[in-house]
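Data block below; observations after.
The values are calculated or read from the model by the stated rules, or taken from the named source; none is laboratory data. This one's a predicted model, so the numbers in the text were calculated from it and none came from an experiment. Here the Cβ positions follow ideal geometry from the backbone for every residue, glycine too, while neighbour counts run over all protein chains shown. Surface accessibility is based on the protein's heavy atoms, side chains included, excluding ligands, DNA and RNA. Shrake-Rupley method; radii C 1.70, N 1.55, O 1.52, S 1.80 Å.
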Amino acid sequence: MTDTSNLPANQAPQRLTLLGAQQLNTRPREWLRATCGAAIGLFVSVWVCQLVFGAAVATLLIGPVGASAILLFSVPSGALAQPWSIFGGYLVSATVATLVAQLGGHSLEMAALAVALSLIAMFALRCLHPPGGAVALCVVLAGPALQALDEKAVLPVMLNALTLLAIALFYNNLTGVRYPKRPLPEVNLQHTSDQPALQRVGFSDADLDAALADIGGFVDLTREDLTQLVRKVEDAARRRSMGTAQVADIMSRDLRCATPETRVREALDLLHAHRLRVLPVLDAEQALVGIVSLTDLANFVGRSGSFRLLRRGGGEKSPLSEVMTSPVVAVAPELPVSELIPMLSSQGLHCLPVVEQNRLVGMVTQTDLIAAMQDNLLMRG
């Protein structure tokens, strides 16, 4: 073992890197959460197995349970730690090992064969779970207590798997970690078959599949996790390329506003006179309380019956408080311009109020964002 205790602080991590140590992107708080969960899961699973099948059987199977506990609580988002992985991995390994032991006996050669066959079966059934190999070893090379169960040796194995899985489902979600891993629903605001704008100009699922095929080896990430990771990398690169530009640098400051008491007819006239699509709505203290758009007014007119109704004065008595959208999605002046891209491209927003200390200080639109991006391209060119 290499002693790194006497190395300078900046050289010890380099030596560890040379030895293959990878930097973990987890915080000490997550270390504590995972440690407590693994300890609880291991203790309860072995205790339940001991109650049902006796201490001797529970002790023989404690190794795979400990390894599974580390996966389920330390890397719950990994493909190897999902419910089907542990359930299917344990079931396949225990079944294969039981058959091999009955046909070939309890020898080291049969144990190695059981591990190999279990691995092939887990790959084929998409339930790869590394502790499954340890399960196969334990079943074939187990002591008399487990051997006495014969084909029923699968039962204590599955009891451990189900108990540990139940604890992982409860503990991970209780401590703020979504488990099992589920893909986030995609929001299609246009209700068409087109993908969101950012996905149309970026990589596709086919690109990910091709990259994974080029790698060839197993990657302990679901496609959804990999997509999220690459998107975040793209966001970071976009922020870097946009430099230090902030919303305050591109927003409009000379605004036309309305109040909750402003009539719909007046709002339409104001939008038409200034060629605007939205009006921020401010209360008596000049705080932003809503926003009204041409779409809001069109929906209101549609509910009223027809455009003729509004032209005849039907909207004169209707205040914006009945029409406006509230609460309002707003941004701060110091927000980096790059953060506006997903908000103004794939979230159905065309403009955003800019608020500072609860006061409206500006508006930023898709046009402002396009101008900033064009300027950035010209500067880089």
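Whether a residue is under 15 Å from Val65 (Cβ atoms) and either in contact with a His (Cβ under 8 Å, 6 or more places away or on another chain) or part of a helix (DSSP H, G or I) (or both) was assessed, and Leu103 does not pass this test. Taken over region 106-130, the criterion of being without any contact (Cβ under 8 Å) to a residue 24 or more places away in the chain and of a type in the set (A, V, I, L, M, F, W, C) is satisfied by Ala112, Leu113, Val115, Ala116, Leu117, Leu119, Ile120, Phe123, Ala124. Only residues that are modelled with pLDDT under 85 and not in a helix (DSSP H, G or I) were counted in region 299-340, giving 9. Counting only residues that are open to solvent by less than 10 Å² (accessible area, probe 1.4 Å) and closer than 20 Å to Tyr171 by Cβ, region 47-71 holds 5 of them.
Residue count for region 61-85, restricted to those that are touching a Gly at 6+ places or on another chain (Cβ under 6 Å) and farther than 22 Å from Arg33 by Cα: 0. Scanning region 321-377 for residues that are hydroxyl-bearing (Ser, Thr, Tyr) and under 26 Å from the mean Cα position of the chain (by Cα) yields a total of 3. Filtered by the rule that a residue be touching a residue at least 60 places away in the same chain (Cβ under 8 Å) and either in contact with a His (Cβ under 6 Å, 6 or more places away or on another chain) or open to solvent by less than 40 Å² (accessible area, probe 1.4 Å) (or both), region 279-290 gives Pro280, Leu282, Ala287, Leu288. Taking region 131-174 as the region of interest, the helices (runs of 4 or more DSSP H) fully inside it that hold 1 or more residues being buried (at least 24 other Cβ atoms within 10 Å of the Cβ), under 35 Å from the mean Cα position of the chain (by Cα) and in contact (Cβ under 8 Å) with a residue 60 or more places away in the chain are 131-141, 154-174. For region 218-233, the count of residues that are modelled with pLDDT of 80 or more and open to solvent by 40 Å² or more (accessible area, probe 1.4 Å) is zero.
Scanning region 97-118 for residues that are farther than 29 Å from Leu226 by Cβ and open to solvent by less than 30 Å² (accessible area, probe 1.4 Å) returns Ala97, Thr98, Val100, Ala101, Gly105, Ala111, Ala114. Residues that are open to solvent by 60 Å² or more (accessible area, probe 1.4 Å), within 15 Å of Val135 (Cα to Cα), part of a helix (DSSP H, G or I) and at pLDDT 95 or above are absent from region 25-45. One residue stands out among those in region 242-278 that are open to solvent by 90 Å² or more (accessible area, probe 1.4 Å) and under 34 Å from the mean Cα position of the chain (by Cα): the one that is farthest from Asn299 (Cα to Cα), which is Thr244. I'd like the full set of residues that are open to solvent by 30 Å² or more (accessible area, probe 1.4 Å) and either more than 22 Å from Gly143 (Cα to Cα) or among the hydroxyl-bearing types (Ser, Thr, Tyr) (or both), limited to region 72-93. Hits for region 72-93 are Ser74, Val75, Ser77, Pro83, Trp84, Phe87.
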